[in-house]
Amino acid sequence: MARLFGTDGVRGRANEALTAELALELSVAAARVLGDSGAFAGHRPLALVARDPRASGEFLEAAVVAGLASAGVDVVRLGVVPTPGTAFLVNHTGADLGVMLSASHNPMPDNGIKFFSRGGVKLDDDLEDEIEQRMSEEWQRPTGGGVGRVTEDPGAIEAYVAHLVASLGADSSLEGLKVVLDTANGASSMTGPAAFEAQGAQVLSIHAEPDGLNINDRCGSTHMGDLKKAVVENGADVGFAFDGDADRCLAVDAEGNVIDGDQILAILALALKERKGLHSDTVVATVMSNLGFINAMRENGVRVDQTKVGDRYVLESMNANGFALGGEQSGHVIMSEFATTGDGVLTALHVAARMVRTGRSLRDLGAVMRRLPQALINVPGVNKTRAGIDPEVNAAVTAASQELGTSGRVLLRPSGTEPLVRVMVEAETDQRAHEVAERLAAIVKDRLSL
């Protein structure tokens, strides 16, 4: 049986795979597991519950709140708040538990449930597995005054925006900078513009009118066309695109060129190194990071610690080793001085501040690395659990790696959130990368088809 939790919580099509009943059971089990672990010892537990603007988040929020309160947990409903805002507020308020309802960059019909423990940290695999095991168990329900109470916090957004602005320091005005923000009709539609305007930037917002149905709809960090056009047509200095829950950020320079997560990570790594804030001169990235990023960091005296794909694994390495910066090519960037998870608006603010401080364009800053052409093919309809054990697939990957040598690489991995296998190839030319990727994808399809 497949594991319920993926690389980033429980995710699926709302009201099919992810039902109100499942949301309630998960919340009850989470409260019981954390309570039994001693996380609630000696006090009445408190949980914060937030969501992105998806229509399904409304009924799922009601189910989560009901489950937690029925388990004796007091609940504060935050309403629509970005995922990193939820993590911050859990830590800021001293809450015992946080729940975020979002499917991040996925289409509107999907949704997801992410849990944060005290301090705003995502749960580890063992705790998630225990929650899954405890679902639907018989248990002694609290009654009377033992049930949880439910309230709301109308000031949550303001507290989070104040935190974002404070992270830049007192001498980091963005006055004179013209910025376009694509908030993906998502959770940052208020917080993104508010934070930039508070620092004096001239802001044009696009896709910032969420209606519950239009989140990530041909906009945001997965669809950059409108942002490119808006930056160029309005003569902006920079554009930033967030996803639905605003835990990732990609950028566009003044000429309309995309600056991806690896380039953003490189820009911030060198900025931190200059300030002697890059612990052990190390940045954390995943195995999906472009080889050009690895090469650029080496040339600038920065070591790269690579982890499995998923910002939770980046964060685990950062916490274990005291590293200050980590991230993913997709735009999840974690700045541990200010956040416990990827934060798109925080990332954008610090990139913009770097532009102002240095007087350099984003294109110039991003040129620190030469991005090797990369081909990524998603192969659906396959048994992803056999991706690393099929002998013919493994032999094909080894042969392709030897063929590319030091000028490229191959990565084949099962998706943690979708039923497919990802084939990624980097090479000196785009044509070469696609040739090898298509050949490997065909072998994966042939060997692993269901």
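The residue that is nearest to Leu412 (Cα to Cα), among those in the stretch 271-302 that are surrounded by 14 or more Cβ atoms within 10 Å (Cβ to Cβ) and charged (D, E, K, R), is Asp281. Report, by residue number, each residue of the stretch 172-196 that is farther than 21 Å from Ser104 by Cα, open to solvent by less than 10 Å² (accessible area, probe 1.4 Å) and polar (S, T, N, Q). Ser172, the sole residue that qualifies. A Cβ distance below 7 Å, combined with a sequence gap of six or more or placement on separate chains, defines the contacts here; from the stretch 145-161, residues that are without any contact (Cβ under 8 Å) to a residue 60 or more places away in the chain and over 14 Å from Arg51 (Cα atoms) reach residues that are surrounded by fewer than 19 Cβ atoms within 10 Å (Cβ to Cβ) and small (Gly, Ala, Ser) in the pairs Val161/Ala198.
So which of Lys122, Lys114 ends up being closer than 20 Å to Arg312 by Cα, open to solvent by less than 10 Å² (accessible area, probe 1.4 Å) and among the charged types (D, E, K, R)? Just a single option satisfies the conditions, and that option is Lys114. Consider the stretch 398-422. How many of its residues are farther than 26 Å from Ser104 by Cβ and open to solvent by less than 60 Å² (accessible area, probe 1.4 Å)? Within the stretch 398-422, residues that are farther than 26 Å from Ser104 by Cβ and open to solvent by less than 60 Å² (accessible area, probe 1.4 Å) number 9.
Residue pairs whose Cβ atoms lie under 8 Å apart, sitting 6 or more positions apart in sequence or on different chains, and linking a residue in the stretch 330-355 that is on the phi > 0 side of the Ramachandran plot to a partner that is surrounded by 24 or more Cβ atoms within 10 Å (Cβ to Cβ) and hydroxyl-bearing (Ser, Thr, Tyr), are Gly331/Ser221; Gly331/Thr347. Take Asp253 and decide whether it is under 18 Å from the mean Cα position of the chain (by Cα) and either under 26 Å from Gln374 (Cα atoms) or open to solvent by 10 Å² or more (accessible area, probe 1.4 Å) (or both). It is false that Asp253 is under 18 Å from the mean Cα position of the chain (by Cα) and either under 26 Å from Gln374 (Cα atoms) or open to solvent by 10 Å² or more (accessible area, probe 1.4 Å) (or both). The lone criterion from (1) crowded, with 16+ Cβ neighbours inside 10 Å; (2) of a type in the set (A, V, I, L, M, F, W, C); (3) out of contact with any Lys or Arg (no Cβ under 6 Å at 6 or more places or on another chain) left unmet by Ala320 is number (1).
Which residue is surrounded by the fewest Cβ atoms within 10 Å (Cβ to Cβ), if the candidates are limited to the stretch 210-233 and must be in contact with a Lys or Arg (Cβ under 7 Å, 6 or more places away or on another chain) and in a loop (DSSP other than H, G, I, E, B)? Even if it seems obvious, please write down each step before you answer.
As a first pass, look at the stretch 210-233 and keep what is in contact with a Lys or Arg (Cβ under 7 Å, 6 or more places away or on another chain): 212, 215, 221.
Restricting the remaining residues to those that are in a loop (DSSP other than H, G, I, E, B) gives 212, 215.
On the way: Gly212: 15, Ile215: 31.
Checked the stretch 210-233; the qualifying residue surrounded by the fewest Cβ atoms within 10 Å (Cβ to Cβ) is Gly212.
Taking (1) more than 17 Å from the chain's Cα centre (by Cα); (2) open to solvent by 10 Å² or more (accessible area, probe 1.4 Å); (3) in contact (Cβ under 8 Å) with a residue 60 or more places away in the chain in turn, Ile131 satisfies each apart from (2).
Could you list, in sequence order, the residues of the stretch 345-378 that are assigned to a strand (DSSP E or B) and open to solvent by less than 10 Å² (accessible area, probe 1.4 Å)?
Applying the first criterion (assigned to a strand (DSSP E or B)) to the stretch 345-378 yields 374-378.
Matches in the stretch 345-378: Ala375 only.
Within the stretch 25-54, track down each residue that is crowded, with 17+ Cβ neighbours inside 10 Å and either of a type in the set (Lys, Arg) or assigned to a loop (DSSP other than H, G, I, E, B) (or both). Walk me through it before giving the result.
Step one: list which residues in the stretch 25-54 are crowded, with 17+ Cβ neighbours inside 10 Å, which gives 25-35, 40, 45-54.
Across the stretch 25-54, the qualifying residues are Arg32, Phe40, Pro45, Arg51, Asp52, Pro53, Arg54.
Residues that are outside any strand (DSSP E or B), of a type in the set (A, V, I, L, M, F, W, C) and either touching a Gly at 6+ places or on another chain (Cβ under 8 Å) or farther than 23 Å from Phe5 by Cβ (or both) within the stretch 379-433 comprise Val393, Ala395, Ala396, Val397, Ala399, Ala400, Leu404, Ala427, Ala433, listed in sequence order. Residues in the stretch 1-22: is at least one within 17 Å of Ser136 (Cα to Cα), part of a helix (DSSP H, G or I) and free of Cβ contacts under 8 Å to residues at least 12 places away in the same chain? No - not one qualifying residue is present in the stretch 1-22. The set of residues in the stretch 182-209 being in a loop (DSSP other than H, G, I, E, B), over 27 Å from Leu101 (Cα atoms) and not polar (S, T, N, Q) consists of Gly200, Ala201. Among residues of the stretch 220-241 that are at negative phi, those with a Cβ under 8 angstrom from a residue that is open to solvent by 60 Å² or more (accessible area, probe 1.4 Å) and assigned to a helix (DSSP H, G or I), sequence gap 6+ or separate chain, pair up as Gly239/Lys228. In the set Ala66, Ala62, Ala2, only one residue is open to solvent by 10 Å² or more (accessible area, probe 1.4 Å) and modelled with pLDDT under 95; that residue is Ala2.
The values are calculated or read from the model by the stated rules, or taken from the named source; none is laboratory data. If you're wondering where the values come from, they're calculated on a predicted model, not measured in any experiment. Cβ coordinates were reconstructed from backbone atoms using ideal geometry, including for glycine residues, and neighbour counts include every protein chain displayed. Note: accessible area is taken over every heavy atom of the protein model, side chains too, but ligands, DNA and RNA are not part of it. Shrake-Rupley method; radii C 1.70, N 1.55, O 1.52, S 1.80 Å.
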